[in-house]
Amino acid sequence: MATPPASHAGPRLTAASAAGLPEQAALPRHVAVIMDGNGRWARQRGLPRIEGHRRGVATVRRVTEHCARLGVGQLTLYCLSSENWRRPPAELDFLMQLLEQYMIEERALLMRERIRVAMIGSRAGLPEATLAALDRTVATCAGNDGMLLCLAVNYGARAEITAAARALAEECRSGRLDPAAITEDALAGRLDTAGMPDPDLVIRTAGEMRLSNFLLWQSSYAEIWVTDTCWPDFTEADLDDAFRAFAGRERRFGGLPES
Ligand code: IPE
Ligand code: IPE
Ligand code: MG
């Protein structure tokens, strides 16, 4: 579903080659990003944390456009974790407003680049206005045929897997599902990401070597690339570095190296 349409293959391939990047076949089909370091970026400049978040939105815009133009099939962005509710209410309020504003202001770019939008995570606890802006953008972009931009908002992988297990249990109890039919595909089909390809590449900015409850099931065989650069400073050139590193990785999926 996330493969770019054939009509885009020519120009997109050229764009990748022109930048000295791997041909499209070697680009990750699905890139997932843990956008971290907004607070540190602000602190290093003597600014309030929210300034880091504000600047982070500009990076989201650039990275989204860059991925869409290169022909990446899906870009998933970790916007808010289910554990981020531990933050001060003022920071959370700001993040919700920022998300709402982004959803509204971004529609023109998303339509121009023919990007589709989806959300993963729990709607519970998110403000009505934020959800309404999100839903409207998803609906506006539903007919597009380009990259899928998947926003992980109030997302936590453990909660997602738990909900999938509960759904399977309920189907078994009601007799609609035989426990023997619970396969990996059956569970994956009950995750928020049902129907989406697994991420090939997970990028984390700001240096932490952890997944922070992001796509734990789906990232089983993802390549991981971490940079010390904080998210507001992350550029298209950094993304190209990640893609080049990805192209040089040998993915074995448990098998033996090619000799
Ligand atoms: C990532 O930046 C954005 C969110 C988690 C919403 P942080 O706010 O976590 O920035 P640091 O890690 O404190 O620098
Ligand atoms: C992960 O970053 C969540 C997002 C980027 C939205 P955090 O800043 O919340 O992660 P930890 O707390 O350092 O693990
Ligand atoms: Mg952080």
| note | Expressed in nanometres to one decimal, the distance between label points 7 Å along Cα→Cβ at E236 and R249 is 2.4
| Does the chain come out rounded, prolate or oblate, given a ≥ b ≥ c as the square roots of the eigenvalues of its C-alpha gyration tensor, rounded meaning a/c under 1.5 and, failing that, prolate meaning a/b above b/c? | rounded
| request: Would you mind counting up the charge near L168? Only other residues with Cβ under 14 Å from its Cβ, with Lys and Arg at +1 and Asp and Glu at -1. | output: -2
| query | Longest span of the chain, sites excluded, free of chymotrypsin sites (Phe, Trp or Tyr not before Pro) in DSSP loop with at most 15 other C-beta atoms within 10 Å? | reply | 1-220
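Taking only protein heavy atoms into account and a 1.4 Å probe, give the accessible area per residue of the chain in Å².
Numbers: 12560 Å² over 259 residues.
That works out to 48 Å² for each residue.
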| request: Round to the nearest 10 and report in Å² the accessible area of S82, as given by a 1.4 Å probe over the protein chains' heavy atoms. | output: 40
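Please give the contour-minus-distance gain from A26 to D178: 0.36 nm per residue of separation, less the Cα-Cα distance, rounded to one decimal in nm.
Details: separation 152, 0.36 × 152 = 54.72 nm, distance 3.97 nm.
Fully extending the segment from A26 to D178 adds 50.8 nm.
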| What part of the accessible area of segment 196-259, given as a whole %, is carbon or sulfur when the probe is 1.4 angstrom? | 48
| field | For the chain, calculated [θ]222 nm from helices alone, where every DSSP H run of n ≥ 4 adds -39500 (n - 2.57) | value | -13500 deg cm²/dmol
| note | The simple spin-label model distance between A167 and R62, using points 7 Å out along Cα→Cβ, in nm, is 3.7
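The values are calculated or read from the model by the stated rules, or taken from the named source; none is laboratory data. Just so it is clear, the structure is predicted and the values come from calculations on it, not from any experiment. So basically every Cβ, Gly included, is an ideal-geometry build from the backbone, and we count neighbours across all protein chains shown. Accessible surface areas use protein heavy atoms only, side chains included; no ligands, DNA or RNA. Shrake-Rupley method; radii C 1.70, N 1.55, O 1.52, S 1.80 Å.
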